[in-house]
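The values are calculated or read from the model by the stated rules, or taken from the named source; none is laboratory data. It should be emphasised that the depicted structure is a prediction, and the values quoted were computed from it without experimental measurement. When we count neighbours, we look across all protein chains shown, and the Cβ atoms used for this are built from the backbone with ideal geometry, even at glycine.
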Amino acid sequence: MVSLSRRAFAFGLPASSAATASVLSSGRLLAQEQSSHPNVFPPSAQFKIGRFTITALVDGYADMPFTYFPGHPAKETKDEASAMSAAKPGGIRFMFNQYLIDDGERLILIDTGPAGTLGQSGKLPAALAAIGVRPESIGAIIITHTHQDHIGGLVAGGLQNYPHSELYVDRRDIVYWTDPAKRASAPDYVQTSFALSADMVRLYPKLQAIDGERQISRGVSTVDLTGHTPGHIGVRIEDGGQSLIMASDMLFPVVHPSATDVFFLFEQDRPAAKAMRDKFYPRAAEEKALIAASHMPFPGLGRIVSESGTLRWLPAEWAYQD
């Protein structure tokens with residue numbers, strides 16, 4: 001359950017390399033975004049990994065109560081967030097980051113956000129429109145796992161919102177989240193994920209069920225990160241001696257990576273999640289891996305570094321591209 005092959009982990013940038021990034025200002029907003037936030041543009045950030053152009057986008061955010069992080073007392077989590085100036089009245093803020101990959105031939109989207117089913121979300125369509133991308137032009141979508149905050153946009157409104165996309169989902173998550181017995185015995189807070197998963201299978205009958213590690217296209221492959229959900233995967237992008245792993249829910253703000261025994265309410269298998277983090281964090285630090293994380297502060301790019309035996313998150317350096 002928790003094996004992590006060397007090949008799956010060979011994604012670190014050389015110590016002398018760095019991916020540059022630039023914040024893009026965009027000139028277009030959907031009408032609904034303009035009316036509710038007249039002076040706010042959907043944020044996006046673009047950076048390069050070899051021949052790939054990757055754009056970080058965001059569907060919104062939600063504040064997760066301090067009680068949602070079992071493993072440590074809620075007061076301890078709140079105190080830690082306060083010490084980092086990261087405590088919100090509602091808890092710890094989770095961003096819903098998505099990543100759009102342009103490989104020169106097609107656009108590949110990683111995850112689709114909760115689309116209004118959690119917090120202040122549903123902004124991905126405006127973010128895509130602001131950079132001139134229509135859902136119909138996205139050729140493939142990789143779903144890192146089928147929690148509602150990663151698949152909501154696929155099926156929002158009961159529609160097939162990305163009609164021309166090949167859809168890749170790990171087989172283990174499909175089996176788990178479409179099992180009537182598991183749905184019947186599951187707590188209320190994950191029922192939306194079961195319902196959206198059923199919609200996904202119904203609306204995307206040609207979705208490709210993949211098994212852990214799979215090459216999606218040249219330089220884009222999936223990595224087995226099981227634990228958070230049975231079919232939790234990451235996406236590795238590599239070209240020209242540079243690489244990035246989109247690690248999805250391997251990291252949560254404030255509590256990670258300094259501790260691996262702090263969980264999140266929605267995790268299905270806490271021992272497996274801890275075991276995977278115990279393997280992932282030290283190796284990521286050793287290899288100076290560039291990581292993109294779904295819920296870290298936008299754009300979610302950074303590295304895990306070790307300081308005096310303690311692991312911490314270091315946001316990636318930014319520089320404007322010429």
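Pairs needed: first member in region 167-195, among the aliphatic types (A, V, I, L, M); second member anywhere, modelled with pLDDT under 95; C-beta distance under 8 Å; at least 6 residues apart or different chains.
What qualifies is L167/K206; V190/F266.
Any idea which of (1) touching a strand residue (DSSP E or B) at 6+ places or on another chain (Cβ under 6 Å); (2) surrounded by fewer than 23 Cβ atoms within 10 Å (Cβ to Cβ); (3) of a type in the set (D, E, K, R) is the one D111 doesn't satisfy?
So the condition that D111 fails would be (2).
Could you give every pair whose Cβ atoms fall below 9 Å, whose first residue belongs to region 280-293 and is at negative phi and in contact (Cβ under 8 Å) with a residue 12 or more places away in the chain, and whose second residue is in a helix (DSSP H, G or I) and not small (G, A, S), counting only separations of at least 6 or pairs across chains?
Once the first residue is at negative phi and in contact (Cβ under 8 Å) with a residue 12 or more places away in the chain and sits in region 280-293, its partners that are in a helix (DSSP H, G or I) and not small (G, A, S) give F280/F9; R283/F9; A284/F9; E287/F9; A289/F9; A289/R283.
If you take the residues of region 223-250 that are hydroxyl-bearing (S, T, Y) and crowded, with 24+ Cβ neighbours inside 10 Å, which of them is nearest to the chain's Cα centre (by Cα)?
Per the criteria, the residue is S248.
Taking the conditions exactly as written (more than 23 Å from Q242 (Cα to Cα) and either of a type in the set (F, W, Y) or surrounded by 24 or more Cβ atoms within 10 Å (Cβ to Cβ) (or both)), does K75 satisfy them or not?
Against the criterion (more than 23 Å from Q242 (Cα to Cα) and either of a type in the set (F, W, Y) or surrounded by 24 or more Cβ atoms within 10 Å (Cβ to Cβ) (or both)), K75 does not qualify.
Show me the helices (runs of 4 or more DSSP H) found entirely inside region 130-231 where at least 2 residues are among the small types (G, A, S), within 26 Å of Q46 (Cα to Cα) and at pLDDT 95 or above.
By residue number, 148-155.
I'm trying to understand the selection: among the residues of region 293-318, which are among the β-branched types (V, I, T) and over 17 Å from the mean Cα position of the chain (by Cα)?
Correct list: V305, T310.
Give R106, R93, R134 a once-over and let me know the one that is crowded, with 18+ Cβ neighbours inside 10 Å and basic (K, R).
R93
Taking region 251-284 only, how many residues are among the small types (G, A, S) and either in a helix (DSSP H, G or I) or surrounded by 23 or more Cβ atoms within 10 Å (Cβ to Cβ) (or both)?
Number satisfying all stated conditions: 4.
Could we say that R312 is out of contact with any Gly (no Cβ under 7 Å at 6 or more places or on another chain) and assigned to a strand (DSSP E or B) here?
Here the answer is yes, as R312 does meet what is asked.
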